[in-house]
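Single-structure report; data block below.
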Amino acid sequence: MIVGQVMGSLWATRKDNKLNGLTFLVVKPISYTDKPTERDCFVAADNAGAGIGDTVLVTTGSAARTSIATPDAPVDAVIVGIVDSIEVAHE
């Protein structure tokens, strides 16, 4: 799973019919180490009602597809939760 921050929305009027009804958000991964993450922003279908600025939990791969109403939709990232707080122990 990936922890990230919602940076924006994405609209696509032409898309696969299995994607109709899904909301798409642009997510930037958050790094909790001394090294910043090298992963760029990516698009995730929203299954949790997230909004811009929210910290979210994203699942990817086959787990992402099973978390939405249409399990055969062509998605590889889905927002499955909105994070309330994070506690990280640094050694």
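The values are calculated or read from the model by the stated rules, or taken from the named source; none is laboratory data. Small disclaimer: the values here were computed from a predicted structure and weren't measured. Here the Cβ is made from the backbone with ideal geometry for all residues, glycine too, and neighbour counts use every protein chain on show. The area values use the complete protein model at the heavy-atom level, side chains included, leaving out ligands, DNA and RNA. Shrake-Rupley method; radii C 1.70, N 1.55, O 1.52, S 1.80 Å.
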> trypsin sites (Lys or Arg not before Pro) within the chain: which are DSSP loop residues with at most 10 other Cβ atoms inside 10 Å?
Replying inline: 14
> Short version: what are the Cα gyration tensor semi-axes of the chain, square root of 5 times each eigenvalue, largest first, in whole Å?
Replying inline: 25, 13, 12
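Could you do me a favour and compute the accessible area per residue for region 1-87, 1.4 Å probe, result in Å²?
64 Å²
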> Of the accessible area of region 1-79, with the probe set at 1.4 angstrom, what percent is carbon plus sulfur?
Replying inline: 49 percent
> Can you give the charge dipole size of region 1-80 about its Cα centre, rounded to the nearest 20 debye, using +1 on the beta carbon of Lys and Arg and -1 on the beta carbon of Asp and Glu?
Replying inline: 160 debye
> chymotrypsin sites (Phe, Trp or Tyr not before Pro) within the chain: which are DSSP loop residues with at most 12 other Cβ atoms inside 10 Å?
Replying inline: 11, 32
>> Quick one: 3J(HN,Hα) in Hz for region 8-21, Karplus 6.51/-1.76/1.60 with θ = phi - 60°, rounded, Gly and Pro as x.
In response: x, 10, 9, 10, 9, 7, 10, 7, 4, 4, 6, 8, 4, x
